[in-house]
Amino acid sequence: MSSSKKSGKQLRSQHSYGKLDRDGFIHRSWMKSEGLPDDVFDGRPVIGICNTWSELTPCNAHLRDIAEYVKRGVWEAGGLPLEFPAMSLGETQMRPTAMLFRNLLAMEVEESIRGNPIDGVVLLGGCDKTTPGQLMGAASVDLPTLIISSGPMLNGKYRGCDIGSGTDVWKFSEAVRAGDMSLEHFMAAENGMSRSPGTCMTMGSASTFACLVEAMGLALPLNGTTPAVDAGRRSLAHQSGRVIVDMVKKDRRLSTVLTRAAMENAIRVHAAIGGSTNAVLHLLAIAGRLGIELSLDDFDTLAGDIPLLVNLQPSGKFLMEDFHYAGGTPAVMKQLDASLNSDAVTITGGPLNDYYKAAEIFNDDVIKPIADPVKEQSGIWVLRGNICPGGAIIKPSAASPELLKHSGRAMVFENIEDFKSRIDHPELDVDENTILVLKGCGPKGYPGMPEVGNMQLPQKLLERGVKDMVRISDARMSGTAFGTVILHASPEAEAGGPLGLVKTGDIIEFDAAARSLSVKISSEEMKRRRAAGEYMPQVGKHKRGYYKLYYDHVLQAEEGCDLDFLVGSSGSVVERESH
Ligand code: FES
C-alpha cells in the first residue's frame, strides 16, 4: 500500500485507505478480496456509483451495463470506481405507490454515501422516483455528484403507428370502455409499447427529470433524451466517469452546481418541454435539502412567459426518440437563452451556455422555435381558494382550453375504493359539467400520494363521446397523463384540509386564469361540517415500520412531501471508526 498522494487537501477516502495502522489494514485488506491492487489506495479519488438497477424496475434494468462504462471513464481519469446498490423504485410494480418510498431511498442513499469512504458519487437512476430520491439523499451529503439517467426506451409501435408509454394506455383503456377499441387490439398494443430497456418515452416524470437535471447542469448534455439503448448513452457514461474524477480534484460539490439559479433554469425548461407535475414535488424537496429558497408559487411566476416548445405526448404528438433526433434539450435551451441563467455553473465547471450554444433544431415539427410555439400556455399554474389554501396545481398544456374556466356541481368520492365502486354505475348522477372530486389520496391519506388524480371518466359519459371533465383531488397524476386535472390540493383531506369537507352537490368554481378554485359554501358551513366530523382521518391506522414513520412525518405537497426531519443537510463528515 502507498501513502496518500501529496496533491493538496486529503480526500475523505484517505481517512480509511490512507492509514498505516490496524484500521487502514481492515479498510484495505477486505477490499483487496475484489482483486484491487495495492496502489489503488494511493490517494486517488474514490468514486461511488450509486446504482438503482433492478429487474423489478424495468426502466433501470440496463444500468449494470451503463455502470461499466462509467467505470471506464473513472479508471481512465485516475480514480477508483466502486459500484453500490440503492433501493430501486419500479413505478409500474410497487404498491401502494413508488412515491411512498422516495424518501426511504433518499435516506438510504444519504447514509450510504456518508458512511462509506467515497469522495464523489455518480447517481444512476431513471424510473420516476429513483433520480429524485437519489438526488435528495446526495444533496444532504454534498459531495461532488453527477447524474446519468437511464434514458428513454425506444418509441412504442402498434399497427404501423407510434404509441407512447402511459399516455396511450390511458387513451386505449378509455377507448375500450367507450366501445371504440376491442379488447383484442388493446392486448395486442401491450406487446408493442415497451420495446427496450429505458424509461417511459413520453414526457412523463422520468423524461422530465432527466431533462431537468441536464438543464440544472447536473448531467452532461443530451442526458435527458439519448435513448437507453443508443451507443451515445454508453459514451455519455464513459465521459461522465472522467468528469466526476475532475469534480473531486477541483472539489466541485453538488451545492456549487445545484443553486437557486439552476432551479430557476429547471422551472423554465420544465415549461418549455411540457414537463410532469411530479417535478414540482421533487424540486421543492431537493431545494429543502440544500436550503434553497423555492416556493410552489415560483413554478407559476418564473415560467409564466415560457410557452410549450416541445411537441411531445402527453401535451403534444411525438415521443422521446423524436425529441432526441430533433436536437434534444440543448436545442430547447438555446431557444430560451434570454430567459435562462446562462452562466450557471455545470458539473464540467463551465457555464450552462456551453451545453447549448452550438445546438440546432433539426425537426421543427418536434421542437418549435420560440416565435412559433406548440402552445402559448404551459408550465404549472398554482391555484388557491377555500378548497386548497395551501395551493393546488394544474398543467395547462395537458388540459382542455374550454374547461379552464368552469363552474359545476361536485360528485365526491371519499376514497379510491368509493371511486372505483361507483364511477361506472349507470345511475351515477353526473353529466359533462360535473366536477369529479376525490379525497384521501394525498401524502398521508393513501399513503404516498398515488397517481390517481387523472380519474377515469364515467363510462356512460365516455359512451356519449365526453373526452374530458374537470377533476380535483389531493393526489398526483402520472406525468404521462392528460386532462383538466387539478392535483396536489393542500392541505390534503387526511391532514384536515377543507377538501375533506366538500360534499356531492356543492358548486365548485374554477378559473385557471384567475388561479382560483373554490367551493360555494360559507365559512360558517365549512366550520359546521368540520365540527360535525364529516371527514375522519385515519390517525393511528399505521402502527409500525416505515408506514408509521412516513405518516407521522411527511410534509404536504407545497413543501415537496419530504419527511420533516430530513429537510436540510448533515454534510459529509467522516464518522468515527467501526472497530
Ligand atoms: Fe419507469 Fe415510466 S414506469 S419511467
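Note the full-extension length gain between HIS542 and ARG409 as 0.36 nm times their separation in residues minus their Cα-Cα distance, in nm to one decimal. Stretched fully, the HIS542-ARG409 segment lengthens by 44.5 nm. Shown here for the range 347-452: trypsin sites (Lys or Arg not before Pro) in loop regions (DSSP other than H, G, I, E, B) with at most 15 other Cβ atoms within 10 Å, namely LYS357. Summing Cβ point charges (Lys, Arg +1; Asp, Glu -1) relative to the Cα centre of the chain gives a dipole of roughly 1040 debye.
Restriction of the chymotrypsin sites (Phe, Trp or Tyr not before Pro) in the range 323-400 to DSSP coil positions whose beta-carbon has at most 14 other beta-carbons within 10 angstrom yields PHE362. Each label point was placed 7 Å from the Cα along the Cα-to-Cβ direction; for ALA175 and SER33 their separation is 5.6 nm. Computing FRET efficiency as 1/(1 + (r/R0)^6) for LYS527 and ASP23, where r is the C-beta to C-beta distance and R0 is 51 Å, gives about 0.20. Pairs exceeding 18 Å between alpha-carbon atoms, taken from LYS444/LYS543; LYS250/LYS334; LYS334/LYS368; LYS420/LYS444; LYS171/LYS467: LYS250/LYS334; LYS420/LYS444. Ordering ALA481, VAL539, MET469 by the projection of their Cα atoms onto the charge dipole of the range 454-561, which places +1 on the Cβ of Lys and Arg and -1 on the Cβ of Asp and Glu, puts VAL539 at the extreme positive end.
Fully extending the segment from GLU68 to GLU360, taken as 0.36 nm per residue of separation minus the present Cα-Cα distance, adds 102.0 nm. Amide H contacts of SER516 (H built 1.01 Å from N, in plane; Pro and chain starts excluded): ARG384, ASP511 sit under 5 Å, all sequence-distant by 5 or more or on other chains.
For the range 369-441, applying the loop criterion from DSSP together with a ceiling of 12 other beta carbons within 10 Å to the GluC sites (Glu not before Pro) yields GLU376, GLU427. Cβ crowding within 10 Å, taken as a proxy for footprinting-reagent exposure, orders GLU494, GLU190, GLU34, GLU264 from fewest neighbours to most as GLU34, GLU190, GLU264, GLU494.
By the count of neighbouring beta-carbon atoms within 10 Å, fewest first, SER378, SER194 end up ordered SER194, SER378.
Only the coordinates and a few stated rules stand behind these numbers; no lab work does. What you see is a predicted model; the values in this text were computed from it and never measured. Backbone-built Cβ (ideal geometry, glycine too); neighbour counts: all protein chains shown.
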